[in-house]
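Encoded as structure tokens, the structure appears first; notes follow it.
The values are calculated or read from the model by the stated rules, or taken from the named source; none is laboratory data. Computed from a predicted structure; not experimentally measured. Here the Cβ positions follow ideal geometry from the backbone for every residue, glycine too, while neighbour counts run over all protein chains shown.
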Amino acid sequence: MDQTAQQVEASSAAIEVDGLEVVRGGKTVLPGISLRIGAGRVTGLLGPSGSGKTTLIRAIAGVQIVEAGRVAVLGAPAGTPALRSRVGYVTQAPSIYGDLTVGENLGYFGRIVGVETERIAEVIEMVGLGAEEHQVVGTLSGGQRSRASLATALLNRPELLLLDEPTVGLDPVLRAALWGTFAELAAAGTTLLVSSHVMDEASHCDSLLLLREGRIAFDGSPQLLRERTGSEDLEAAFLRLIERAEAGG
Amino acid sequence: MSARATGATAARVIRQLRRDPRTIALVIVVPLMLIALFKWVFDGQPQTFDRIGGPLVGIFPLITMFLVTSITMLRERVTGTLERLMTMPLSKLDLLAGYGIAFAAVAAVQGAIVAGVSFLLLGLDVAGSELAVVALAVLNAVLGMALGLLASAFARTEFQAVQFMPAFIFPQLLLCGLFVPRAQMAPALEALSWALPMTYAYDALERVTVNGELGSRGIVDVIVVIAAALLSLTLAALTLRRRTP
């Protein structure tokens, strides 16, 4: 990449991570990684479970204590108060109140972020929970619960959405619908970082970040991954990439 | 700090409690049952019932709110809703004040019902104003809530949180002077009792129920209780971390 291309890339990056090092429970999860995530697109953060995806997302969300390194989000250090209304973060486990209804949960979080009441009905429709609005969250299925949790993050139309495994436990129809929603959000200018351990979801992403044991195994478009590995199937491509890395030492 | 976020949090906490009618029933019925027990256990000595029963009406909300708050806050920590709130434009004070308002409202209802039944049906007799007893009950509930919020930071599971009740509350109940005058305790325990907030909560109640009025010492008691609640809330705010390991 020449100098100008690098500068263009840097200026359009929503997230810039430099030398990020994170230790959790005495174990080095991220040994010092650097990456850029482009604005206004869907970036897939893929990798086997335990590869450090959640830790990286937590660091970008500003909730992770880090050992070293710099994480800049939308031009500000991760976790700065000004970012709290610009970044939406959805944890892997649904973090909403199980004893309230879907509508009550969104009503509460909506008042915290300060959105108009009409927006609540809008996000409920976006995640396809229109029929469950008055149902207590504790009685919903796992997939419905995680969609309710996702709806909360959509409330204030954040510029950056960090989604940790949002499609786990969803049936193929819903999964496709959610990826459609993500694409629409990106088209409207939102930056999305979506983690998944299911490789076939990589095809929905504009760009991919493959994490393995806390290091970046691949950073580029799905097309580039196919070309580089000579494999049409993204799961096979990822496996080939790892084999090569291991063979190369 | 924002009135909107504080109000929303208070309304949300009350709504959650309302979803759990059994807990509400327990919050009201258990103190009534214990006070009725006291009445008939001391059937032969009604003056003992009056001496213990009056302050007890004002101390119960402290105990209940300690327990209810520490469990509710622990749930926020365990289910990830606290972490979500910490990533949102919500100040820690909004969250704690929201809790404070919600549980003070619950305590006011609890105090009014328990006091009403005790004074009107069980024939409990106090020297001072019954309203002052209810007002002190609400103040003590806020103290109990503040202590509960702080305690929840040190519990990882609900089992642990429940054990904090005998660990934090029972010694204070024994040392506050309710059962035995503090002057009759071992000197070391009497000295220790000066450091415990419930001692002041009880002292104020005793002044109202026995002497008939708070007096200047009673006002000092009230100030100490308010200060203890504020200190506890401040320490609780420090345990709410936006970043975790």
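Given the structure, is A:E132 closer than 24 Å to A:Q144 by Cβ, among the acidic types (D, E) and surrounded by 17 or more Cβ atoms within 10 Å (Cβ to Cβ)? So A:E132 fits the description; yes. Here B:A97 fits the description: within 14 Å of chain A (Cβ to nearest Cβ), within 19 Å of B:I226 (Cβ to Cβ) and assigned to a helix (DSSP H, G or I).
Report yes if A:V115 is surrounded by fewer than 17 Cβ atoms within 10 Å (Cβ to Cβ), of a type in the set (A, V, I, L, M, F, W, C), out of contact with any His (no Cβ under 7 Å at 6 or more places or on another chain) and not in a helix (DSSP H, G or I), otherwise no. Judged against the criteria, A:V115 is not a match. Can you confirm whether segment B:174-188 contains a residue that is over 23 Å from B:V27 (Cα atoms), surrounded by 13 or more Cβ atoms within 10 Å (Cβ to Cβ) and among the charged types (D, E, K, R)? Yes, the conditions are met somewhere in segment B:174-188.
Taking segment A:72-100 as the range and being at the interface with chain B (Cβ under 10 Å from one of its Cβ atoms), without any contact (Cβ under 8 Å) to a residue 12 or more places away in the chain and over 21 Å from A:V29 (Cα atoms) as the test, the residues that pass are A:P81, A:A82, A:R84. Taking the numbered list (1) facing chain B (nearest Cβ under 10 Å); (2) in contact with a Gly (Cβ under 7 Å, 6 or more places away or on another chain) in turn, A:G69 passes all entries but (1).
Only one of the listed residues (A:T152, A:T167, A:T80) is surrounded by 22 or more Cβ atoms within 10 Å (Cβ to Cβ) and in the same structural domain as A:L30 (by TED's automatic domain parsing). That residue is A:T167. Count of segment A:155-182 residues, restricted to those that are out of contact with any Ser or Thr (no Cβ under 9 Å at 6 or more places or on another chain) and farther than 22 Å from A:Q144 by Cβ, is 0. In segment B:212-230, which residue that is free of Cβ contacts under 8 Å to residues at least 24 places away in the same chain and not polar (S, T, N, Q) is farthest from B:S70 (Cα to Cα)? In this case the residue turns out to be B:G215.
In the set (1) surrounded by 11 or more Cβ atoms within 10 Å (Cβ to Cβ); (2) more than 20 Å from B:V225 (Cβ to Cβ), the condition left unmet by B:M145 is number (2).
Where helices (runs of 4 or more DSSP H) sit wholly within segment B:155-245, those with at least 3 residues that are over 30 Å from B:E83 (Cα atoms) occupy B:170-175, B:187-193, B:197-206, B:215-239.
If you go through segment B:114-134 and pick out every residue that is of a type in the set (A, V, I, L, M), crowded, with 16+ Cβ neighbours inside 10 Å and assigned to a helix (DSSP H, G or I), you end up with 6.
In the condition set (1) buried (at least 22 other Cβ atoms within 10 Å of the Cβ); (2) over 23 Å from A:V87 (Cα atoms), A:L193 is compliant with all but (2).
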